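J.: I'd like to ask some things about the structure below.
The values are calculated or read from the model by the stated rules, or taken from the named source; none is laboratory data. All values reported here derive from a predicted model rather than from experimental measurement. Here the Cβ is made from the backbone with ideal geometry for all residues, glycine too, and neighbour counts use every protein chain on show. What goes into the accessible areas is simple: the full protein's heavy atoms, side chains included, and nothing from ligands, DNA or RNA. Shrake-Rupley method; radii C 1.70, N 1.55, O 1.52, S 1.80 Å.
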Amino acid sequence: MIFNGDGPLRLIVPEPQVGATREPTLDDLTSPLTAVFGTDYGAHSPTLISRFTDMARQAATYREGRVLLAGDAAHVHSPVGGQGLNTGVQDAVNLGWKLAQVVKRTSPESLLDTYHAERHPVAARVLRDTMAQVALQRTDDRTDAVRGIMSELLAMDEPRKRFAARMSGLDIHYELGEGHPLLGRRMPDLDIVTANGPLRVFTLLHDARPALINFCERGGFDIAPWADRVRLIDAEYRGVWELPAIGAVVAPSAVLIRPDGYVAWVGELTQPGLVDALTTWFGPAAAA
């Protein structure tokens, strides 16, 4: 039960039998209370009664031709941990900019295949984690023992940080190849200084446009063939680069950030790969 002062409260009770098809009633809520406590505490006037299970299901593929699945259409699981909304929103953001580029013929249709490749493993892990959380809610002695061990682990800084990053979705790592730890991870929302003054990195993404942020020699990068699609910013940042899941990392010289906030390339002026990354994610170079 979750109390809300003197107002209504939220009540969750288990059902002895699964598979009920009729709409739940007030009696379905009060009967378990009476069975356990000998009273229903005078429960009355329900605002909403709903039924849910810990069913975990995931679509085999998120794309079949012109059909694309996201959110609850692509994956369902127990609401424990509140991870469903975040997972679904990140599905939509990952798909949205890619779909826009394909529709505008900026990128080839094959870009849409990266949506399934990136997002399917994320939801698969969420399903696994929520099933584990549901299992820990059992009330037998063996589960009590496992909960005790988990409590000991989560009293330590490192496990607690890792699990917090997992549940918040801040530890997501898309497999974009070998390289700097930032590659394929969410860009930190740093306070950077540009020629136009200080700003937060994520303000650059408000218009869903990718950005190449250069932290080394000003004017060193030339991305003229992609200037209509990618914003180039010379910036300074003197603080610590720290990621939620892995901690502090070496400061990069330059980062290419996708519209969904994930880093598509990390390198230096003399390091190859930028042209390939620009082409892969934002389409071929414009004709001169």
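J.: Exactly one condition in (1) more than 14 Å from the chain's Cα centre (by Cα); (2) in contact (Cβ under 8 Å) with a residue 40 or more places away in the chain is false for Arg147; which is it?
T.: (2)
J.: Taking segment 200-225 only, how many residues are at pLDDT below 95, open to solvent by less than 20 Å² (accessible area, probe 1.4 Å) and closer than 21 Å to Leu170 by Cα?
T.: Residues meeting the conditions: 1.
J.: Checking the structure you have, find out if any residue of segment 7-18 is closer than 20 Å to Pro79 by Cβ, touching a helix residue (DSSP H, G or I) at 6+ places or on another chain (Cβ under 7 Å) and surrounded by 11 or more Cβ atoms within 10 Å (Cβ to Cβ).
T.: Within segment 7-18, one or more residues are closer than 20 Å to Pro79 by Cβ, touching a helix residue (DSSP H, G or I) at 6+ places or on another chain (Cβ under 7 Å) and surrounded by 11 or more Cβ atoms within 10 Å (Cβ to Cβ).
J.: Output the residues belonging to segment 51-71 that are open to solvent by less than 60 Å² (accessible area, probe 1.4 Å), without any contact (Cβ under 8 Å) to a residue 24 or more places away in the chain and not in a loop (DSSP other than H, G, I, E, B).
T.: If the condition is that a residue be open to solvent by less than 60 Å² (accessible area, probe 1.4 Å), without any contact (Cβ under 8 Å) to a residue 24 or more places away in the chain and not in a loop (DSSP other than H, G, I, E, B), then Gly71 is the only one that fits.
J.: If you go through segment 19-37 one residue at a time, how many are aliphatic (A, V, I, L, M), surrounded by 10 or more Cβ atoms within 10 Å (Cβ to Cβ) and assigned to a helix (DSSP H, G or I)?
T.: Pass one, segment 19-37, residues aliphatic (A, V, I, L, M): 20, 26, 29, 33, 35-36.
Subsequent filtering for residues that are surrounded by 10 or more Cβ atoms within 10 Å (Cβ to Cβ) retains 20, 26, 29, 33, 35.
Now drop any that are not assigned to a helix (DSSP H, G or I), which leaves 26, 29, 33, 35.
Going through segment 19-37 one residue at a time, the tally reaches 4.
J.: When segment 118-141 is examined, which residues are found to be in contact with a helix residue (DSSP H, G or I) (Cβ under 7 Å, 6 or more places away or on another chain) and β-branched (Val, Ile, Thr)?
T.: Within segment 118-141, Val122, Val126, Thr130, Val134 meet the criteria.
J.: Does Asp40 fit the bill of being in contact with a Ser or Thr (Cβ under 7 Å, 6 or more places away or on another chain), open to solvent by 40 Å² or more (accessible area, probe 1.4 Å) and within 30 Å of Ala164 (Cβ to Cβ)? Reasoning before the result, please.
T.: On the way: in contact with a Ser or Thr (Cβ under 7 Å, 6 or more places away or on another chain): yes; open to solvent by 40 Å² or more (accessible area, probe 1.4 Å): yes; within 30 Å of Ala164 (Cβ to Cβ): no.
So Asp40 fails the test.
J.: Then there is this: Tell me, yes or no, whether segment 117-134 has at least one residue that is hydroxyl-bearing (Ser, Thr, Tyr), surrounded by 13 or more Cβ atoms within 10 Å (Cβ to Cβ) and more than 27 Å from Asp260 (Cα to Cα). Don't jump to the end; show me each part of the working.
T.: Initially, segment 117-134 is screened for residues hydroxyl-bearing (Ser, Thr, Tyr), giving 130.
Still in the running and surrounded by 13 or more Cβ atoms within 10 Å (Cβ to Cβ): 130.
Then drop every residue that is not more than 27 Å from Asp260 (Cα to Cα), which leaves none.
No - not one qualifying residue is present in segment 117-134.
J.: Run Leu183 past the list (1) in contact with a strand residue (DSSP E or B) (Cβ under 9 Å, 6 or more places away or on another chain); (2) assigned to a loop (DSSP other than H, G, I, E, B); (3) modelled with pLDDT under 95 and report the number of the one that doesn't hold.
T.: (3)
J.: For Val76, which of the numbered conditions (1) without any contact (Cβ under 8 Å) to a residue 24 or more places away in the chain; (2) within 27 Å of Asp28 (Cα to Cα); (3) exposed (fewer than 15 other Cβ atoms within 10 Å of the Cβ) fails to hold?
T.: (3)
J.: Would you point out which residue out of Gly184, Gly197, Gly247 is over 27 Å from Gly96 (Cα atoms), open to solvent by less than 60 Å² (accessible area, probe 1.4 Å) and out of contact with any Lys or Arg (no Cβ under 9 Å at 6 or more places or on another chain)? Write out each step before concluding.
T.: Working: Gly184 fails: over 27 Å from Gly96 (Cα atoms); Gly247 fails: out of contact with any Lys or Arg (no Cβ under 9 Å at 6 or more places or on another chain).
Selected residue: Gly197, the only one of Gly184, Gly197, Gly247 that is over 27 Å from Gly96 (Cα atoms), open to solvent by less than 60 Å² (accessible area, probe 1.4 Å) and out of contact with any Lys or Arg (no Cβ under 9 Å at 6 or more places or on another chain).
J.: Right, next: Quick check on segment 176-187: of everything there that is touching a residue at least 24 places away in the same chain (Cβ under 8 Å) and of a type in the set (D, E, K, R), which residue is farthest from Ala117 (Cα to Cα)? Spell out how you get there, then give the answer.
T.: Step one: of segment 176-187, the residues touching a residue at least 24 places away in the same chain (Cβ under 8 Å) are 176, 179-187.
Next cut, of a type in the set (D, E, K, R) only: 185-186.
Numbers: Arg185: 15, Arg186: 17 Å.
Residue satisfying both the conditions and the ranking: Arg186.
J.: Quick one: is Arg238 within 27 Å of Arg166 (Cα to Cα), of a type in the set (D, E, K, R) and open to solvent by 80 Å² or more (accessible area, probe 1.4 Å)?
T.: Working: within 27 Å of Arg166 (Cα to Cα): no; of a type in the set (D, E, K, R): yes; open to solvent by 80 Å² or more (accessible area, probe 1.4 Å): yes.
It is false that Arg238 is within 27 Å of Arg166 (Cα to Cα), of a type in the set (D, E, K, R) and open to solvent by 80 Å² or more (accessible area, probe 1.4 Å).
J.: Right, another one. Can you give me the number of residues within segment 170-180 that are farther than 23 Å from Arg238 by Cα and assigned to a loop (DSSP other than H, G, I, E, B)?
T.: In the first step, residues of segment 170-180 are kept if they are farther than 23 Å from Arg238 by Cα; the result is 171-178.
After this cut, where a residue has to be assigned to a loop (DSSP other than H, G, I, E, B) as well, the list is 171-172, 174-178.
Count: 7.
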